[in-house]
Each structure stands twice: as C-alpha cells, then as structure tokens.
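In what follows, a single structure is set out as structure tokens and then discussed.
The values are calculated or read from the model by the stated rules, or taken from the named source; none is laboratory data. Just so we're clear, the structure is a prediction, and the values are computed from it rather than from any experiment. Here the Cβ positions follow ideal geometry from the backbone for every residue, glycine too, while neighbour counts run over all protein chains shown.
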Amino acid sequence: MDILQKYVDSLIFTLQKELEYLENEDSILNIYKAKIIDRKVFQFGNIISFKIIGAYNSNKTVITKKLSINKIFKEEENIKIFFHLENTYDGIKTKIICVENDVFTCLTSTELKCREVYVRLEGSVYNTYRILKRLKKIEIENIYFDENILSDLRIKCKSEDTKIEQNNKEIVDFNEDLKLKELNFFENIMDKFQNLEIQNENENFGKILDELGDLINYTKLNKNQQRSLIFCTKNISYRIIGPPGTGKTKTVVEIIKILLTMDKSVLVCGPSNLSVDNILSCFVESEYHKKNKTSLFRLGSISKSLKTLNCYNLDKIASESVSFISEELNEAMKCKKIDKRKITEIMKEMKSRKNKFSKEKIKATNLVFSTLFSSHKIEGLKCFDWIIIDEACQALEAESFLNILLAKNFILVGDPYQLGPTVKSESKELKMTFFDKLKNVPTFFLNEQYRMNEILISFSNSYFYSNQIISPLKNNFKFFSHSPILFIDTSGYNSDEMKSNSSIKNIFEAEITLKVVKYLESIDNKHDVGIITPYSQQAIHIKEIMPQISFPIQISTVDAFQGQEKGIIILNLVRSNEIQDIGFLSDLKRINVALTRCIHGLVIIGDSSNFAKYQFYKKFFDHLYLHAYCIDPYILDALLETN
C-alpha cells in the first residue's frame, strides 16, 4: 500500500512540474491564428474545421520559434475562439471533437461566417489538469494493484527535484552509437519472449475455439499472433509489441472475441479517437459481431472519417432517449409558453436522465470503447475484467495507469520505436511511458509484417528491431526500373530551407516533389500517395502548389501520419542550412515513423550533407546508397525528359 501511494505521488509530482511549465508557456505561446476550411450547419450547432496558420505571444507579436502545430490541441480539449487579435477576452468556448492530420474540428452553437479566427491555447493545460485531478481522487485503500507490476515501476519522490531539473537540460549526443542501447533493450525482450511458455494444448482454449468455429480467424494468424491470443486465457496482464504492418488491430479484435466468449467484460482504449475507432470498425465488420449482435458502446466523439460508427456512440444514443423532451421544449419555446426558469429546470432534467441512461448502459454491457481521456465517465460504475490499451506507447504514464485501474487485467499494445506522448517540457520522466517501464511483464513480439517488402523495411528492421521482422511480401514496383526506394539527394544544389511563420519550408524540395508526382501520373500510377514532412509549413506549401492529380494524395506532417499507410510515400526532409541543424529529425522515432508508412514505394528527398555529422543519419544514407536508386535533381530531370 505504501509503495502504491508513493507511485501515485510520483505521478502527481511529475505532472505538476509539467503543469507549471505549461502555465508558464501559455503566457508566451498564447494565441493561434486559424483558417476555417469547412463548416456545416446542423440543427444542434455548427461543425467547424480549421487549420493553424500562425502563432502569437501575449504581446501580440508573431512567434518565430519552432512549434509542433499538429500537436497543439488534443481531442476533447476545451478551447476558446475569438475574432480579433486585440480582444482575446470575449469569445466562444467550445471543445475539439476531432483531430485528423493537421485539421481540427469543433462544434459551436454560433455560426462562424468569417474565414479566419484566433484560438486561445488552453488544451494542454486543461488535459494535464484533468489527469492530475483524477490522480488526486484515487483512494489507495480501495484499489488493488499487482505488486509484481508495481516493482517494475521506478518510483520518484520530491527529493529528486534537482535531479529532474538536470535531466531536463540533458542533450542527446547523436554522434554516439545509439544502436547498442536499442539492441540491448530489444534483445532482452526477445529472450524473455522466447522463454515464455504457452500451453498450446490448453483444454479450455480448445473448447473456446470449437465454440467460435468460423467466427474466429485463428488459423489465419501467424504463430506469434496465436501465442498472444492464447495467453489472454491465463488472466495475467501482458504486452504486445507490434511494429508497423504486423497486424496489431487484427490481433486485438481476435483477443476481444476470445474474452467475450469467456464471458469477460472488456474495455478498449487508446490515446486518440482514430486508434479506438480502427479497432471498433474492424470488430463490427467481423462475422462474430454480425452473428452475435454484440452489445457495445463507444464513449466520446467518433473520428470524422468513420461516422458510420455513430450508431454505437453512447452520447448520441442517450440524447435520442430524451429527444421527446427536447421536442416538447422546442415547441413550447416557439410558442413562448415557457419562462427561462422552467427552461433551466427542463434542461437539468434532460441532463440527469441522459447521465442515468448512460450509466445503466455501461453497467449492463460487456464491451466498451473509449479514448483514455473519456474513460473518466466509467470511474465508479464497474470494474472490467480486461482493459486493452492500443497505441499504449503514445500515452502518458499517468493516463495509462488511471485506465488500468478500471480493470482487473490489462493488455498493452504498442511499438516503443514509434512516436511517444506529446510532452511540452523537456521532462525525461514524462517521456517514459507505462509500456516502457514494464520490463518484466510477459511480452509478445509480432514479427511478421504484411505492409511492405523486405527492402522497404530493411533499415528500420536492422536499426530499431534487431532484424527480427520477417517480410514475406513480394513487390514488383520499382522507380525507373531500379528499386522500390528512390533517393533524390539535393546536396550541392540551391536547396536552402526558409522560415515561414512558426515553421520551416524548403521550396526546392517541394518543386522536386511535384516532379515526382507528375512522373507517377505519367506511368499511370494506381497507388494512393502520401506526402509527408516534419514541418507543417512544408505540407501547407506543397498543398498550395499541387495541381489536380488522377490518384488520391494525402499531404501532412510525419506526426499526423503515424498509424496510417499509403501505397507510395514521398518524404521531404526539409532541413538544409549552414549549421547542419536537423530540428525535429533529431528524434529517431520520427524518422522511423516516416520510413514505415509505405506499401509499395518510398521516395526520400533531402540534403544528405546537412546530416553528415550525425552517426545515425550517416548509417541511414549509407543504407540508401546500397539499397535505393540514388540520383540528384539534374539526373531526375534527365530521366523525366526521356521517360
């Protein structure tokens, strides 16, 4: 009990340091200029979609420092919209309901007819504050937490304040060989994974498979997917490491089927709407759900691209349950037969009935889907048998811990070599996730990937995954009949970057990107294309100059593209300057995300000389010289002329 209290106190302490930093930052990075790109008027309000196009400090001066624009707001955070930079007090309070790529969507009761607005940054402070509030409400004596798991977690106390400050100032030396550290971490996992005993002949599991019959795709799973599936019958918490394209979502859906067949209640969570809705979509399309008509609900907002799932949205269903009161109220208001005090009473009654309806449904169902943020609606209602947290490596440690308390056992699914949680301060402790810390929890590694062929995954496989990934796919696609990887090296050309608002762009790389797209069109490309870059202004610039193309194209930042895939990826590295600054690309996880989004082909456009002093990138470009078709812009032009 004392250890658990110390652990909770350590989480509170670390988050309080982050909150102090955020509150200080908010006085500097305070106001954002937004361009409204879409608006829809509905009976209950207006859905507004916008993009961030600039930032100002509290003195109304343009901010020129680097900002991760696409990470400013998170789903379900409160924001304030106002119309004039001079007046930041009067405005509209609303909530972000969806974040997709670099587009933010909110619902307002006021119709916004203007093209540009200003948005006050409140989200990060609000979200951190809510997590802190939930942590402080924990009653240690009323919860159970496995001591074996607790022993894995490094406990920090207030006396380490000075040490934390020193950690915050640490700078990673990218000239040192980080590979050894990464391999040691991965080899330790693999040793434990190989020694993990699983009884394939488990009699109980055999009965479950017989009962499910054709409703489960057990025989279509590979060996390691099957092993991670069998283990859920043991009532022991565990982790699943799933590199890109290894079938994490499919595996999770099969696990859900097994647990429901065992009459277990399951809570499925993730850090974003998209992470949750991908699993929900896959589950409701399964034969298992179609036959059994599984009772399930989704808490919170649903991704804009998956609105077909709205029939499972508990908020929407609860609203429909009191719609008759709403209709009567609307009629009475039209006829002016009701006073304001009565309206307030009726609104309170509607809210009370909705809450009661939602609570009863949550208690009665065995399957609930929710973001980590929205799961507070479940607290105190029931304890699930299992919680599955997808994309667990993107969640703050405190967020994962709070959600794990909602169930008896957990399964954490993620990839420690993809981008982690968004942390505004430089706190090393906050960047460590719950997933990262659980070194002694049983761990399964999904090592067969079905997204790209061996050449496309080869660098990430050798550098990040200790060559453990198997790629059975064959791929006949090649750029200019040479390789599925095309590297266009701009070093020695006039390819300097330039600052644009709070970001960076490289016009020369954007022009080359356009040429590559036109080349793909000339060869009658049938694959969808993703153009990704570390910097939002580069993405914006490419969108502005991109003509109408015959195949689908998505243009966004690397961070926004995590979890997605496209037939062909075109990566702009952007950085080209006299001091060899590489900015966001000093985060090795970011480049791993960028390299693992493609299915058939990968184009990399960049100035190799700008990365020459970094050991990691030296190995990366050496790898490209061996496996990619490497050309310069002049050769590209010559090839396009003869093509």
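If LYS133 passes every condition in (1) in contact with a helix residue (DSSP H, G or I) (Cβ under 8 Å, 6 or more places away or on another chain); (2) at pLDDT 75 or above; (3) within 23 Å of GLU397 (Cα to Cα); (4) not aliphatic (A, V, I, L, M) but one, which one does it miss?
Result: LYS133 fails condition (1) only.
Please work out if ARG575 is over 18 Å from the mean Cα position of the chain (by Cα) and of a type in the set (Lys, Arg).
Spelling it out, ARG575 is indeed over 18 Å from the mean Cα position of the chain (by Cα) and of a type in the set (Lys, Arg).
Do you know which of the residues in region 367-416 that are among the polar types (S, T, N, Q) and surrounded by 20 or more Cβ atoms within 10 Å (Cβ to Cβ) is nearest to the chain's Cα centre (by Cα)?
That would be GLN394.
If I ask for residues that are touching a residue at least 60 places away in the same chain (Cβ under 8 Å), under 15 Å from MET498 (Cβ atoms) and not β-branched (Val, Ile, Thr), which ones from region 540-572 would you list?
The one that is touching a residue at least 60 places away in the same chain (Cβ under 8 Å), under 15 Å from MET498 (Cβ atoms) and not β-branched (Val, Ile, Thr): ASN572.
Which of the residues belonging to region 379-392 are of a type in the set (A, V, I, L, M, F, W, C) and modelled with pLDDT of 95 or more?
PHE384, TRP386, ILE387, ILE388, ILE389, ALA392
With the structure loaded, tell me whether LEU636 is in a helix (DSSP H, G or I), surrounded by fewer than 21 Cβ atoms within 10 Å (Cβ to Cβ) and in contact (Cβ under 8 Å) with a residue 60 or more places away in the chain or whether it fails that test.
yes
Return the total of residues in region 583-615 being at pLDDT below 95 and either within 25 Å of the chain's Cα centre (by Cα) or not assigned by TED's automatic domain parsing to the domain that holds ASN476 (or both).
8
I'm trying to understand the selection: among the residues of region 212-264, which are of a type in the set (D, E, K, R), more than 20 Å from SER281 (Cα to Cα) and surrounded by fewer than 20 Cβ atoms within 10 Å (Cβ to Cβ)?
LYS223, ARG227, LYS234, ASP263
Restricting attention to region 513-542, which residues are in a helix (DSSP H, G or I) and farther than 24 Å from ASP587 by Cβ?
Result: LEU514, LYS515, VAL516, VAL517, LYS518, TYR519, LEU520, GLU521, SER522.
Pull up region 416-474, narrow it to residues that are in a loop (DSSP other than H, G, I, E, B) and among the charged types (D, E, K, R), then point me to the one that is farthest from THR14 (Cα to Cα).
Ranking the qualifying residues of region 416-474, first place goes to LYS474.
Out of LEU121, LEU153, which single residue is at pLDDT below 75, surrounded by 18 or more Cβ atoms within 10 Å (Cβ to Cβ) and closer than 30 Å to PRO534 by Cα?
Only one candidate passes the filter, namely LEU121.
Is it fair to say ILE72 is closer than 21 Å to THR128 by Cβ, among the β-branched types (Val, Ile, Thr) and modelled with pLDDT of 65 or more?
Against the criterion (closer than 21 Å to THR128 by Cβ, among the β-branched types (Val, Ile, Thr) and modelled with pLDDT of 65 or more), ILE72 qualifies.
Can we say SER503 is out of contact with any His (no Cβ under 6 Å at 6 or more places or on another chain), surrounded by fewer than 23 Cβ atoms within 10 Å (Cβ to Cβ) and either in contact (Cβ under 8 Å) with a residue 40 or more places away in the chain or small (Gly, Ala, Ser) (or both)?
No.
Looking at region 271-286, can you tell me whether even one residue there is among the aliphatic types (A, V, I, L, M) and outside any helix (DSSP H, G or I)?
no
Evaluate region 564-587: report whether one residue or more is in a loop (DSSP other than H, G, I, E, B), out of contact with any Lys or Arg (no Cβ under 9 Å at 6 or more places or on another chain) and under 21 Å from PHE479 (Cβ atoms).
yes
From the set of residues in region 356-366 that are of a type outside the set (Ser, Thr, Tyr) and assigned to a helix (DSSP H, G or I), which is surrounded by the most Cβ atoms within 10 Å (Cβ to Cβ)?
The selected residue is ILE362.
If you check LEU209 against the conditions, is it over 20 Å from VAL413 (Cβ atoms), surrounded by fewer than 20 Cβ atoms within 10 Å (Cβ to Cβ), in contact with a helix residue (DSSP H, G or I) (Cβ under 9 Å, 6 or more places away or on another chain) and touching a residue at least 40 places away in the same chain (Cβ under 8 Å)?
no
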